[in-house]
1. Quick one: in region 445-475, which of the residues that are under 19 Å from C418 (Cβ atoms) and of a type in the set (A, V, I, L, M) is modelled with the lowest pLDDT?
2. List the pairs whose first member sits in region 179-201 and is over 11 Å from L55 (Cα atoms), whose second member is of a type in the set (K, R) and surrounded by 17 or more Cβ atoms within 10 Å (Cβ to Cβ), and whose Cβ atoms are under 8 Å apart, counting only residues at least 6 apart or on separate chains?
3. Yes or no: A413 among the small types (G, A, S), within 20 Å of A316 (Cβ to Cβ) and touching a residue at least 40 places away in the same chain (Cβ under 8 Å)?
4. Is it the case, given these coordinates, that Q246 is buried (at least 21 other Cβ atoms within 10 Å of the Cβ), modelled with pLDDT of 90 or more and either part of a helix (DSSP H, G or I) or not hydroxyl-bearing (S, T, Y) (or both)?
5. Quick test of your reading of the structure: E168 fulfils all but one of (1) on the phi > 0 side of the Ramachandran plot; (2) within 22 Å of the chain's Cα centre (by Cα). Name the failing condition by number.
6. What's the number of the condition F334 fails, among (1) of a type in the set (F, W, Y); (2) at pLDDT 90 or above; (3) more than 28 Å from S57 (Cβ to Cβ)?
7. Would you be able to say whether some residue in region 226-235 is on the phi < 0 side of the Ramachandran plot, among the aliphatic types (A, V, I, L, M) and not in a helix (DSSP H, G or I)?
8. Please go through region 93-121 and pick out each residue that is among the aliphatic types (A, V, I, L, M) and surrounded by fewer than 19 Cβ atoms within 10 Å (Cβ to Cβ).
Amino acid sequence: MAEPNDKARLRGQPGGAFQLGAPSPLTRTFAALLGSQAIARGIRFVYLIMIARVLSSDEVGVYLYGLAFYQGIMVLSIFGQDVFLSTRLGRSAKRAARLTSHSLTLIALTITLGLIAGLAFVQLTEQRPLVAHAANVFLAALVVRSFVVWVRYGGIAREDATWIPRYELIFRGGEALVGTILLLSGAGLLAICYLHFLALAVEAFFALRLMRRRFGITIRFGRDRRLLTRIAGASAVFAVSTGLLQVLSVAGLITLKLMQPDTAIVAQFGIAMQLLTTLLVVPLSFGGALLPALGRVRRSGGDLEVESLATVIKAALVLGGLVAIFAQALAPWFVSLLFGADFEPAGHAFAWLSWALGPYAVVLIVGQALNSLNSPIRAAWLATATVLLNVVLVVAFVQEGALLAASIALCIASFAGCLLGLLFLNGRIGSPGHGWWARPLAAVVVVGLAMQPEVLPSLLTAPILAALLLLCVWWLGLFSRNELDFVLARLGLHR
């Protein structure tokens, strides 16, 4: 937590020199999560390029569908323990071991239920043996990966996440290296599916051992029924709010697969979504780091983390708009270059999806912030409305073109969710008005609409509109000098 005189430092005399100070817990956790997410996404992205180059588009679609299917079940099966641990363990160190053991019991039960439901769904709905086989292997990965993620939540809750980037490099890098060797040696789809399970199983073993050695917590199952009931009750709303928000990244892909049988189309949309989620690394990492920090705000009445929240939301909207401008111009060429000409449609899909980047990031950050600020019901409504709208729009538009339908549906749902989430958040943080977020959102919408007519070649239009967006940011005064000083202070640079 920042010291009481942090704000006084931020309002120092202009032109003062910055001095190096100790980064805050929020900064350290954010840096660790950003590093781990960047490593993981970078490795997975390069690995996906290799998969797309070696396997057929149909097999790539099966692989991406299997990943999306089990990850969608996993984030619900975790049952909100990311928020529960992040907002509860900091309250009393003496109870940490007891809460952790009962949290472990709860997710073991919910993971078992998720696994059974997933196996039943595959058995009832999937007619192709290859797809069913791959999905079942990924469901096995669901179990071990859930425990890996649970250990990470425990580390994040203690604001001790510096070990996570090392694990990402070792295990994700190892999987990608071995998988590439297998593919180049002639192995097929099922080989890399089994490899994914094996890599996560080994990581789960070392992660559970690390919890005992690093945090001094013995891995055991809690058996106090009353405490389990209380944890389940507190986590139920979190399971909806955080779980459904994470399901948003796979809901469109799964719906697309269920609405039409062509897994090649699923591959196109899946690659576009991989690009989008890779660009979401920074806001996702900040949101995860913000959970324990805002938990302290709620308990102590501090407001520095709330200020950083508003700044990051505005930055996410503006930076998302800048990325979308150039993505619309360059994405088809870029995706074809990386993945091959067969995946050019994925580039066009990403050109649409990129406009969802800023609003999507805001939805995720606001959802996590509402949970930490003791507004889980609002977060649950936000998650439910956004995911439901996305699914409904895919179903409604799919006959007009499956790939375009899924892309436009996510854009509309992200903008609607962003608007709803910011309305919820504004009342929760006591902001006097809506201008702080309405102005950057409106600027991005106007620039996005101006980009669509293609009066000039997109390569010429993109830098012009990017300059206009930055001019609007300056003219509207979206970022103050104090906000810049605030960010530098949180990084340990004090004026």
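1. M451
2. A199/R172; L200/R145
3. Considered against the rule, which asks whether it is among the small types (G, A, S), within 20 Å of A316 (Cβ to Cβ) and touching a residue at least 40 places away in the same chain (Cβ under 8 Å), A413 comes out as yes.
4. no
5. Exception for E168: condition (1).
6. (3) is the only condition that F334 fails.
7. no
8. Correct list: A93, A97, A108, L109, L113, I116, A117, L119, A120.
The values are calculated or read from the model by the stated rules, or taken from the named source; none is laboratory data. These numbers were taken from a predicted model, which means no experiment stands behind them. All Cβ positions, glycine included, derive from the backbone under ideal geometry; neighbour counts span all protein chains shown.
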